[in-house]
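Step one of this worksheet: look at the structure below.
Each value in this text was obtained by applying a stated rule to the coordinates, not by laboratory testing. Predicted model only: the values in this text are computed from it and were never measured. Here Cβ is always computed from backbone atoms with ideal geometry, including for glycine, and neighbour counts include all displayed protein chains.
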Amino acid sequence: MSSSASTSPPATAPLTPIQRRQAWLITLGTIVVFGLFRWMPTGTDLSHGDFRLAGDNVLEFCDPAAPQFLPVTTARSPVAFEVSPGQVNRGEMTEFTFRLATSTGKSIGPVDLLVAHTRKLHLMVVDPSLTDYQHIHPTAGEVPGEWHVNFAPKYAGTYRVFADFTPAATARGLYASVDIEVPGTPESLFHQPGLHQAEGPYRFELRMDDGQIRARNSTDLTLLIRHENGEPVQLGETMGAFAHLVAFDENRSGFAHLHPQETDLAKLPDALAPELHFNITIPDPGLFVIWAQMVLGGTEIFVPFWFEVEP
């Protein structure tokens, strides 16, 4: 008969004074490092809640992958957007100061915004006739929340400025608007709907699903660019894309900022017959204009397309 002796693990030897001191130093160092990282500036001091408003009829964040027409002026924005001067003469180049702040008064500066299409803040300026459209980019001023830019309105009337930006706290697009008064009689222009335009030696066409856009339906758009002599089109880059489309309704209640599905700038479209593809959803029927912005042959070009959105 054999017997087996049970063995127990050896007892752990107590730490020596030197080992205890080393353990305390490691623990203290870890706490110090954590505290340093905890209190280091991490960028924006604004949170997701700073861009939220309670109640109904509030402007929601936008998903850039699903662009749609945004009712900026008919919905409450969680951002306060102001401008000075609020009045300027027609044709007069003026330095404007725009102010961005949360609804609780916290200033919104560069550190609070993400870069979207090479810029942190896009301003889309349009006159009452929707004939003078300018896409401009202000630079941050020394005063927190202030942004400066120069531009000259071509016509009289109430100009509307739409701000397009992406808060770092939300990583989703957000918008606001403000008006600038230009004394005088506004232009009274009649715009004939048309999806074919010419500018210099270039010819443009904007094609739609079934030849039209219906309210509340997602619609694919195709922008076609041709040279009048059949020569190659030197399509450049603007703000990190081959083109930008911005849609306005007749009342300028809002806008839609569209970017082409061709996102790889290393893959140039066919130079002889370039085509760019977009998608849009417009909620209500009526008269609209889409301004196409692109660089052709090294020159920036703006081309308008007027169309009716069907019920």
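Observations
- The strands (runs of 3 or more DSSP E) falling completely within the range 204-264 include none with 2 or more residues that are of a type in the set (Gly, Ala, Ser) and surrounded by fewer than 21 Cβ atoms within 10 Å (Cβ to Cβ).
- Criterion (hydroxyl-bearing (Ser, Thr, Tyr) and under 17 Å from the mean Cα position of the chain (by Cα)) met by exactly one of Thr222, Thr263: Thr263
- Taking the criterion of being closer than 24 Å to Pro78 by Cβ and in contact with a strand residue (DSSP E or B) (Cβ under 6 Å, 6 or more places away or on another chain), the residues of the range 118-135 that qualify are Lys120, Leu121, His122, Leu123, Met124, Val125, Val126, His135.
- Among the residues listed as Leu272, Leu276, the single one being over 16 Å from the mean Cα position of the chain (by Cα) and in a strand (DSSP E or B): Leu276
- Residue check, Thr131 surrounded by fewer than 18 Cβ atoms within 10 Å (Cβ to Cβ) and either within 25 Å of His244 (Cβ to Cβ) or in contact with a Leu (Cβ under 8 Å, 6 or more places away or on another chain) (or both): yes
- Flag for Arg90 being part of a strand (DSSP E or B), of a type in the set (Lys, Arg) and out of contact with any Phe, Trp or Tyr (no Cβ under 6 Å at 6 or more places or on another chain): no
- From the options Phe302, Phe248, Phe278, residue that is farther than 29 Å from Pro232 by Cβ and touching a residue at least 24 places away in the same chain (Cβ under 8 Å): Phe248
- The set of residues in the range 110-128 that are assigned to a loop (DSSP other than H, G, I, E, B) and surrounded by 18 or more Cβ atoms within 10 Å (Cβ to Cβ) comprises Lys120, Leu121, Asp127, Pro128.
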